[in-house]
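Right, one structure below, let's go through it.
The values are calculated or read from the model by the stated rules, or taken from the named source; none is laboratory data. Here the structure is a predicted model, which is why all the values come from computation and not from measurement. Methodologically, a virtual Cβ is constructed for each residue, glycine included, from the backbone with ideal geometry; neighbour enumeration extends over all protein chains shown.
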There are 2 protein chains.
Amino acid sequence: MPDIKHFDPDAALDTVVRLFWRQGVAMTGIQDVVTATGLNRSSLYATFGGKQELYLAALRRYQEQWSRPAFRGLADDRRGLPAVAEFFDALIEVRCSGEYARWGCMVSNAQAGAENGDAEVRAFLHRHHEELRDALCAALVRAEAQGQLAAGTEPGVTADLLALLAYGVNLRSRTGADAGSLRATVGAALRSLTSRTAE
Amino acid sequence: MPDIKHFDPDAALDTVVRLFWRQGVAMTGIQDVVTATGLNRSSLYATFGGKQELYLAALRRYQEQWSRPAFRGLADDRRGLPAVAEFFDALIEVRCSGEYARWGCMVSNAQAGAENGDAEVRAFLHRHHEELRDALCAALVRAEAQGQLAAGTEPGVTADLLALLAYGVNLRSRTGADAGSLRATVGAALRSLTSRTAE
DNA sequence: GCTATCTTGAAACGGTCGTTCCAAGTACCA
DNA sequence: TGGTACTTGGAACGACCGTTTCAAGATAGC
């Protein structure tokens, strides 16, 4: 017998993701959320709970919508190093041009912010890092099997290295690093992993 | 004929650096500053100006006290790659243990936060990045001259690469990455730059 | 169409934000 | 020692924070 929602929670959450992504959680007030989504405080709190829960929901949505597809594409690609190169190309493209240019990565931003004080946020960040690392590792294992890696290049530790590199790209892109420079840097990194005989 | 300050502005600024470094500017209120430094609002505003100016002063102080010495040590070291390795070792040490463990880097944190909206902050971040890059480049040029680098490894682009890596270390350390894992990752990166014949 | 149950709008909550103001205090110079 | 330029303590400012509350509105089953 109840009334039903007069709005689409998913669309609202997408709007919230953009807010937190661009401005960070500390600089985004509930009033900003109310204004951007068009719905009022009652509906907000009834649907998502308080600000911290809303932020966590936004983080998870960001992961589902942005990280996970990229990770899956990387892990499922059978080409080895070219898959890694394509992953970074797409990353730099999103970070430096289009609607989300200079927004950085919402997850990387969360790592630097004080929002990582929350235990649930920290757990999320830990899981997210592992997923990135695992996807990179899967691609690197394939690269190794195809003889694309220089001798002594272990997929595991190299995946960690490339993950750190991705974080660096995310950070620098938010400050306005240009795509060309980032591409050159990532290209040099991948080349340094390459087996010379395979070139 | 005036009265003189009843406190040490330098010591107060050091305390403020710690606050902004650990909690970020958005999560740190003026009340926190007042409590931590022990001085009152009047003295604060008379000495440093408003919050944004205080934050900028803290950023510059952090750079002078932490970044610059490390950069100078790196750029002045004549050993080449060992200097780079030592730079990263010291970085990881500070980031993962002691008083500042899990605080990350105040400058890297600023890159991710919304505080980079301010034009002066952005200019500061740009300069800081160039100083890091230049110091790394100087060490890499020496490494190249001594035949420590693999063929085709350009000091310039490699400096960019290692700078991104340092940002990654800063970010991950704030979330609680352990020193051993970071050291292994950085070690692998440096090994991938090494000329095989020099080993 | 009545009622039960949820949603919605809007006002209001206490608290904290960054900042300002002013009276009282204090050290230097004449 | 008096005057003066500055510092200091502390109250107060309006604005905004995240959150709660509640009456009015809306829907589905009876």
For this session: Please enumerate the residues belonging to segment A:166-180 that are part of a helix (DSSP H, G or I) and either surrounded by 23 or more Cβ atoms within 10 Å (Cβ to Cβ) or more than 7 Å from every other protein chain (Cβ to nearest Cβ) (or both).
Result: A:166, A:167, A:168, A:169, A:170, A:171, A:172, A:173, A:174, A:179, A:180
Exercise. With respect to the numbered conditions (1) in contact with a Phe, Trp or Tyr (Cβ under 6 Å, 6 or more places away or on another chain); (2) farther than 21 Å from residue B:137 by Cβ, which one is the sole condition not fulfilled by residue B:168?
Worked result: (2)
Problem set entry | Filtered residue count, segment A:135-179, keeping only those that are more than 15 Å from residue B:188 (Cα to Cα) and more than 20 Å from the chain's Cα centre (by Cα) | 8
Exercise. Here are some conditions: (1) away from chain B (no Cβ under 14 Å); (2) assigned to a loop (DSSP other than H, G, I, E, B); (3) within 15 Å of DNA strand D (Cβ to nearest atom). Residue A:100 meets all but one. Which one does it not meet?
Worked result: (3)
Exercise. When you scan segment A:12-26, how many residues do you find that are more than 14 Å from chain B (Cβ to nearest Cβ) and away from DNA strand C (no atom under 12 Å from the Cβ)?
Worked result: 5
Exercise. Residue A:81: surrounded by 19 or more Cβ atoms within 10 Å (Cβ to Cβ) and over 15 Å from the mean Cα position of the chain (by Cα), yes or no?
Worked result: yes
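Just to be sure before I move on: is residue B:12 of a type in the set (Gly, Ala, Ser), in contact with a Ser or Thr (Cβ under 8 Å, 6 or more places away or on another chain) and either within 16 Å of DNA strand D (Cβ to nearest atom) or in contact (Cβ under 8 Å) with a residue 24 or more places away in the chain (or both) in the structure I sent?
Yes: the conditions hold for residue B:12.
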Problem set entry | Failed item in (1) in contact (Cβ under 8 Å) with a residue 40 or more places away in the chain; (2) of a type outside the set (Lys, Arg); (3) closer than 14 Å to residue A:135 by Cα; (4) at the interface with chain B (Cβ under 7 Å from one of its Cβ atoms), with residue A:157 passing the rest | (1)
Exercise. How many residues are within 14 Å of chain B (Cβ to nearest Cβ) and near DNA strand D (Cβ under 8 Å from one of its atoms) if we restrict to segment A:27-45?
Worked result: 3
Exercise. So residue B:62 clears everything in (1) more than 16 Å from DNA strand D (Cβ to nearest atom); (2) more than 30 Å from residue B:148 (Cα to Cα); (3) crowded, with 20+ Cβ neighbours inside 10 Å; (4) within 14 Å of chain A (Cβ to nearest Cβ) except one condition, right? Which one?
Worked result: (4)
Exercise. Within the bounds of segment B:114-125, is there any residue that is surrounded by fewer than 17 Cβ atoms within 10 Å (Cβ to Cβ), farther than 20 Å from residue B:182 by Cβ, modelled with pLDDT of 95 or more and within 10 Å of chain A (Cβ to nearest Cβ)?
Worked result: yes
Seminar exercise, completed: Of A:71, A:48, A:7, the only residue that is within 11 Å of DNA strand D (Cβ to nearest atom) and either among the aromatic types (Phe, Trp, Tyr) or within 14 Å of another protein chain (Cβ to nearest Cβ) (or both) is A:48
Seminar exercise, completed: Among residues of segment B:34-69 being of a type outside the set (S, T, N, Q) and touching a residue at least 60 places away in the same chain (Cβ under 8 Å), the residue nearest to residue B:107 (Cα to Cα) is B:59
Seminar exercise, completed: Those residues of segment A:108-153 that are in contact with a strand residue (DSSP E or B) (Cβ under 8 Å, 6 or more places away or on another chain) and part of a helix (DSSP H, G or I) come to a total of 2
Problem set entry | Any chance residue A:35 is within 14 Å of DNA strand C (Cβ to nearest atom) and among the hydroxyl-bearing types (Ser, Thr, Tyr) | yes
